[in-house]
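Let me begin by presenting the structure, written as structure tokens, before commenting on it.
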Amino acid sequence: MPSEIVHRLSPEEEELAAKRDELALLEAQLADEELALASAKADLAAFEGLYLRRVGVLYAELDEWNARLAELRAEQVHTPEAQTGAAEARSQAEESYSATHGDAAEVEPFTPSPELKSLYREAAKRVHPDTATDEKDRAQRERLMKEVNAAYAAGDVDGLRRVLANLENSPDAVQGAGVGADLVRVLRQMRQLRDRLTEIAKEMAGLAGTEIANLKAKADAAGAEGRDLLAEMAAIVQGRVNVARQQFGRESDERYGK
Amino acid sequence: MSKLDSNGALVPAKSAELARKDSAPLARRGLQDLQQVGSADEWFQRANLFYKEIEDLSVEEIKRWSEAEIERREVESFACLVRAIEIDPNHVQALGRIGLAYESGLGVSENLSQAAAYYRRAADLGDAQAQWHLAQMYLVGRGVQQDPNEAAVLFLKAVQQDAFVFPYQMMQLAWKLYKGEGIPQDKAHAALWFHRAAHYGESEAQVQLAWMYYRGESVPKDMTQAAEWFRAASEVGDACVQNVLSMGWRLYRGDGTARDLAESARSFRGAAFWDDTSWGNQQEVFRTARTALGEMYAEGNGVPRDQHQADFWFSKAEMTGDPVAQCQLGRMYLKGEGVSRNPNQARIWLQASAEQGNAEAQEILGQMAAEESSAPKS
């Protein structure tokens, strides 16, 4: 009866196995965090679109009336202040118009399916640039990660599947020679992953600090009380639009007659 | 970031701050406006506190306030209103309230042109109350150049709002349009507003609308509609009397309010005696409606001919007051409750009630007669 060949792990090999387990955990954690970040960004973009469509357009309209009023007044009083005022009001109106009619205003509500989320998590784990072992690998992974993020934001399940399928076909990077070299590489990967986790935390904090996120938080809180904050805001701005429009009407009647 | 000019609504922001083409400036603007509106509202509520306090006080407590105290509070309240519109120049309620303060000299010296200016701002923001007040000013030229057309425009704007449920004011507008009083005459339009006021239970409008249907004046002649509106007005009359009557009972028993016999006697008197000044021309309106409805039943005009119904409405029209109220008032005179004891007055009221068939009044009169005959003759 042949005796079993028991491969006894050297201490270095044991250490490597332990670090590999740790790396796998970190990879999973990072994938979750990337998912959370991508979701937060997409949520925010969707809210931004909603805000621009429901409230932003009213600000743009308000600015338009104000610009017309300022121009009307500048025609009557030819002071430099009036001219500057009119020019400023006009450029303000243009800013607001372009902000409310750009791509940001087109973004639709974002509701990722569980499938989309799990595909994203899987893809993020597999292609994450910070698991790269060399520069060439990293460049390729960064490109892939961009694709993955874009597919997620667009809710493109097939896109994510395609990325994953292509990965299956590509041979894994050849592992380095020797346990020592492997251990060094794993440790380096772990540091890269931890750095990225810190970065994600910073990015999340940065997102939460933006005005639009602040507004979204208020709108969510109001929504929990059964209120529609965007509708309330729209009503406020609409009131101003009405006033500005009527003021313009009166002043232009005065100038040009009814 | 916004600099508010004298027109309030115009909020030209500095363009440098909005140089970037992303949505952040618009989001920031939204946040600032939310905050402004919120804190302006707090000031408005503070201004309101004074008036809320008054609502909760009893007449006695208000009487205890000195003139100086009231004026101090009015001034304070006005200052809060001003603060509210400094923060948010488009705070509709505060603007309207300031207009009212200038118009009536509450907490600030009366100034009609200022009143008109503030009403105008609130009116432009769509405030129905302010539109109504301003329309009144344009109608007679108070604080503004008299302008009946502008008044008509504002009147219509005000009453067209769903939130504006002041049937009496709708009716006032309807009369103005009907008679061409101050504003261009337009009877078809008037019918529309009589209709709306009538729907809200304004009995005078109901009777007028009924007549318009009856005569086919600016509306298609429609006897069924006429009868319906006459009936509605008659029922409003009953409801009014019932309200006054139940108020009388509550005050008499101290039911949900302080017991007040004098006030109770006044309520009973209002219901017992329709010609009381407190009813204005209301009882005339009800009487007209009832007589007209009786006639329509007698003639089978718009309703099936029904002499029984006709007699019922005629007798209601002739009714000179509520028999229950008359009986109760008689009893109070008899006992000297809330009024000074006066057997002669008691007899008058009890007789009026008994004539309308009130059994209790008849019984009391019987007792009085028995007591008198048994009493030793002096």
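Identify, by number, the condition in (1) buried (at least 16 other Cβ atoms within 10 Å of the Cβ); (2) at pLDDT below 85; (3) facing another protein chain (nearest Cβ under 7 Å) that B:R28 doesn't meet.
With (1) buried (at least 16 other Cβ atoms within 10 Å of the Cβ); (2) at pLDDT below 85; (3) facing another protein chain (nearest Cβ under 7 Å) applied to B:R28, the lone miss is (2).
From A:R20, A:R53, A:R68, grab the single residue that is charged (D, E, K, R), within 12 Å of chain B (Cβ to nearest Cβ) and more than 26 Å from the chain's Cα centre (by Cα).
A:R68
Any residue at all in the range B:293-300 that's farther than 14 Å from B:F268 by Cα, touching an Asp or Glu at 6+ places or on another chain (Cβ under 6 Å) and not β-branched (V, I, T)?
Yes, the conditions are met somewhere in the range B:293-300.
Does B:A210 count as among the small types (G, A, S), farther than 22 Å from B:A122 by Cβ and surrounded by fewer than 19 Cβ atoms within 10 Å (Cβ to Cβ)?
Here the answer is no, as B:A210 does not meet what is asked.
Select from the range A:123-150 the residues that are touching a Lys or Arg at 6+ places or on another chain (Cβ under 6 Å) and not hydroxyl-bearing (S, T, Y) and write down the one among them that is nearest to A:L164 (Cα to Cα).
A:V127
Exactly one condition in (1) touching a helix residue (DSSP H, G or I) at 6+ places or on another chain (Cβ under 7 Å); (2) modelled with pLDDT of 70 or more; (3) not β-branched (V, I, T) is not met by B:E69; state its number.
The one condition B:E69 does not meet is (1).
Any idea how many residues of the range A:74-87 are touching a residue at least 12 places away in the same chain (Cβ under 8 Å) and surrounded by fewer than 18 Cβ atoms within 10 Å (Cβ to Cβ)?
Residues meeting the conditions: 3.
Check off (1) closer than 22 Å to B:G248 by Cα; (2) surrounded by 14 or more Cβ atoms within 10 Å (Cβ to Cβ); (3) at pLDDT 85 or above for B:A298 and give me the number that stays unchecked.
Unmet for B:A298, out of (1) closer than 22 Å to B:G248 by Cα; (2) surrounded by 14 or more Cβ atoms within 10 Å (Cβ to Cβ); (3) at pLDDT 85 or above: (1).
When only residues in the range B:213-249 that are among the small types (G, A, S) and assigned to a loop (DSSP other than H, G, I, E, B) count, which is surrounded by the fewest Cβ atoms within 10 Å (Cβ to Cβ)?
For the range B:213-249, the residue satisfying everything is B:G216.
Quick one: would you say A:G206 is within 9 Å of another protein chain (Cβ to nearest Cβ) and either of a type in the set (G, A, S) or surrounded by fewer than 14 Cβ atoms within 10 Å (Cβ to Cβ) (or both)?
no
Just for the range A:139-165: of the residues that are acidic (D, E) and under 19 Å from A:E33 (Cα atoms), which one is surrounded by the most Cβ atoms within 10 Å (Cβ to Cβ)?
Here the residue is A:E147.
Any residue in the range B:299-310 that's charged (D, E, K, R): show its pairings with residues that are crowded, with 16+ Cβ neighbours inside 10 Å at Cβ separation under 6 Å, as long as the two are six or more apart or on different chains.
Going by the 6 Å Cβ cut-off, the qualifying pairs are B:D306/B:Y297.
Given the conditions (1) modelled with pLDDT of 85 or more; (2) closer than 18 Å to B:R231 by Cα; (3) not hydroxyl-bearing (S, T, Y), and given that B:Q345 satisfies all but one, which numbered condition is not satisfied?
The one condition B:Q345 does not meet is (2).
Residues being surrounded by fewer than 20 Cβ atoms within 10 Å (Cβ to Cβ) and within 16 Å of B:L173 (Cβ to Cβ): count how many of those fall in the range B:106-138.
Counting residues in the range B:106-138 that are surrounded by fewer than 20 Cβ atoms within 10 Å (Cβ to Cβ) and within 16 Å of B:L173 (Cβ to Cβ) gives 1.
Within the range A:217-242, can you find the residues that are more than 9 Å from chain B (Cβ to nearest Cβ) and without any contact (Cβ under 8 Å) to a residue 24 or more places away in the chain?
A:A217, A:D220, A:A221, A:A222, A:G223, A:A224, A:E225, A:G226, A:R227, A:D228, A:A235
Determine if the range A:118-131 includes at least one residue that is in contact (Cβ under 8 Å) with a residue 60 or more places away in the chain, among the β-branched types (V, I, T) and within 14 Å of chain B (Cβ to nearest Cβ).
No, because not a single residue in the range A:118-131 is in contact (Cβ under 8 Å) with a residue 60 or more places away in the chain, among the β-branched types (V, I, T) and within 14 Å of chain B (Cβ to nearest Cβ).
Provide a single number: the residues in the range A:179-200 that are closer than 19 Å to A:A36 by Cβ and of a type outside the set (S, T, N, Q).
7
The values are calculated or read from the model by the stated rules, or taken from the named source; none is laboratory data. A quick note: this is a predicted structure, and the numbers were derived from the prediction, not measured. Here the Cβ is made from the backbone with ideal geometry for all residues, glycine too, and neighbour counts use every protein chain on show.
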